[in-house]
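My questions all concern the structure below.
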Amino acid sequence: MNKDGRPVGRRVVLGVAALGAAGVAFGARFQNGIDSFLATVDSKDPTGLTGLLPGGGGFQIYNVADSLPHKSDQDYRLTVDGLVDRPATYTLAELRAMPQTTLVKDVQCVTGWRVPDTEFGGVLLSHLLDTAGVRPEGKALRFTCFDGVYSESLTLDEARRPDMMVAHQMNNAPVTDAHGGPVRLYAAPMYFYKSAKWLSGITVTDRVMPGYWEHYGYDVEAWVGKSNGRNDAPTSP
Ligand SMILES: Nc1nc2c(c(=O)[nH]1)N[C@H]1C(S)=C(S)[C@@H](COP(=O)(O)O)O[C@H]1N2
Ligand SMILES: [Mo]
């Protein structure tokens, strides 16, 4: 950790090929200690230029793995297991056939960038949990990813909120590889590090198992405005 108590992570590597040339910027360094390259891909801004400005509305693509993970819609699977009565593995088509929810909120990274009014669509975690039948010993969820590296956690109470979902749509289009498609977590009321990309597993556990960045000092409870001693105002570099 650096002196601000922020994690100094592994280099964040971006898979370039799948992003294409447009909207990708290299070389800009992140200001806060995460040793990362910055790339911006924003469907509303194909030039990517606004994303280079603080508060400019662009996403920054994060990936702690060594390459950009990819799974086709056909190959994608989501497993729900652990302390449940009915473990299951779902295809993307099966997830799409479940009751769908849409949320429009500001995306807020704990490092200060924010993207207003971003729409995510998919299946509420509460629906998946009800379908699986959580056993009384179940107290938390552990999320794992097919990048093989990242993980996240939520308490069961957090996960059952109506703004916690497994998302396969983002701004009315399928979630792209760069943004964690085909399916990512979208934990709307929390900082974006909670929203695990390339989601492959949801395991019901008897206690919270802290996720990737939480091992490097990020708060396990990641409520926007309350955690990591920050408010939710964007910061400039
Ligand atoms: N699998 C995985 N999920 C992840 C990350 C990651 O590196 N790997 N980074 C997290 C962080 S810190 C943020 S801010 C968001 C970034 O999402 P984006 O790349 O779609 O902007 O993803 C979160 N989920
Ligand atoms: Mo983040």
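Check every one of the strands (runs of 3 or more DSSP E) wholly within the range 75-149 and list those with 1 or more residues that are in contact with a Pro (Cβ under 7 Å, 6 or more places away or on another chain) and more than 16 Å from ligand 1 (Cβ to nearest atom). Talk me through it step by step, then tell me what you get.
Working: elements: 77-82, 88-91, 101-108, 114-124, 140-145.
Of the strands (runs of 3 or more DSSP E) lying wholly inside the range 75-149, those with at least 1 residues that are in contact with a Pro (Cβ under 7 Å, 6 or more places away or on another chain) and more than 16 Å from ligand 1 (Cβ to nearest atom) span 77-82, 114-124.
Oh, and also: For the range 198-210, name all the residues that are within 16 Å of ligand 2 (Cβ to nearest atom) and surrounded by fewer than 23 Cβ atoms within 10 Å (Cβ to Cβ).
The one that is within 16 Å of ligand 2 (Cβ to nearest atom) and surrounded by fewer than 23 Cβ atoms within 10 Å (Cβ to Cβ): PRO210.
Being β-branched (Val, Ile, Thr) and within 16 Å of ligand 2 (Cβ to nearest atom) is the filter; apply it to the range 43-100 and report the residue that is modelled with the lowest pLDDT. Break it down into steps so the answer makes sense when it comes.
Let us first name the residues in the range 43-100 that are β-branched (Val, Ile, Thr), namely 47, 50, 61, 64, 79-80, 84, 89, 91.
Narrowing the set further to residues that are within 16 Å of ligand 2 (Cβ to nearest atom) leaves 61, 64.
On the way: ILE61: 92, VAL64: 95.
Per the stated criteria, the residue is ILE61.
So, in the range 163-187, exactly how many residues are among the charged types (D, E, K, R) and within 16 Å of ligand 2 (Cβ to nearest atom)?
Here is the first cut: in the range 163-187, the residues among the charged types (D, E, K, R) are 163, 177, 184.
Add one more test, that the residue is within 16 Å of ligand 2 (Cβ to nearest atom), and what stays is 184.
Residues that pass the stated criteria total 1.
Sort out which residues of the range 171-212 are within 21 Å of TRP223 (Cβ to Cβ) and either of a type in the set (S, T, N, Q) or outside the structural domain of LEU124 (by TED's automatic domain parsing) (or both), and write them in order of number.
Listed by number, the residues that qualify are SER195, THR205.
Which ones in the range 170-197 are more than 10 Å from the chain's Cα centre (by Cα), crowded, with 22+ Cβ neighbours inside 10 Å and among the β-branched types (Val, Ile, Thr)?
If the condition is that a residue be more than 10 Å from the chain's Cα centre (by Cα), crowded, with 22+ Cβ neighbours inside 10 Å and among the β-branched types (Val, Ile, Thr), then VAL175 is the only one that fits.
Looking only at the range 150-160, count every residue that is among the aliphatic types (A, V, I, L, M) and under 13 Å from the mean Cα position of the chain (by Cα) and tell me the total.
Narrowing the range 150-160 to residues among the aliphatic types (A, V, I, L, M): 154, 156, 159.
Subset that is under 13 Å from the mean Cα position of the chain (by Cα): 154.
Qualifying residue count for the region: 1.
Can you name the residue in the range 150-169 that is closer than 19 Å to THR205 by Cβ, more than 11 Å from ligand 1 (Cβ to nearest atom) and charged (D, E, K, R) and, of all such residues, is surrounded by the most Cβ atoms within 10 Å (Cβ to Cβ)? Lay out the reasoning, then the answer.
Here is the first cut: in the range 150-169, the ones closer than 19 Å to THR205 by Cβ are 150-161, 164, 166.
Okay, now just the ones that are also more than 11 Å from ligand 1 (Cβ to nearest atom), so 153-161, 164, 166.
Subsequent filtering for residues that are charged (D, E, K, R) retains 157-158, 160-161.
On the way: ASP157: 9, GLU158: 21, ARG160: 16, ARG161: 16.
Among them, the one singled out is GLU158.
Something else about it: So which residues in the range 177-221 are touching a Pro at 6+ places or on another chain (Cβ under 9 Å) and part of a loop (DSSP other than H, G, I, E, B)?
ASP177, GLY180, GLY181, PRO182, LYS197, TRP198, GLY217, TYR218, VAL220 - these are the residues of the range 177-221 that are touching a Pro at 6+ places or on another chain (Cβ under 9 Å) and part of a loop (DSSP other than H, G, I, E, B).
The values are calculated or read from the model by the stated rules, or taken from the named source; none is laboratory data. Computed from a predicted model, the values in this text were never measured in an experiment. Don't worry about glycine lacking a Cβ; one is built from the backbone with ideal geometry, like all the others, and counts go over all protein chains shown.
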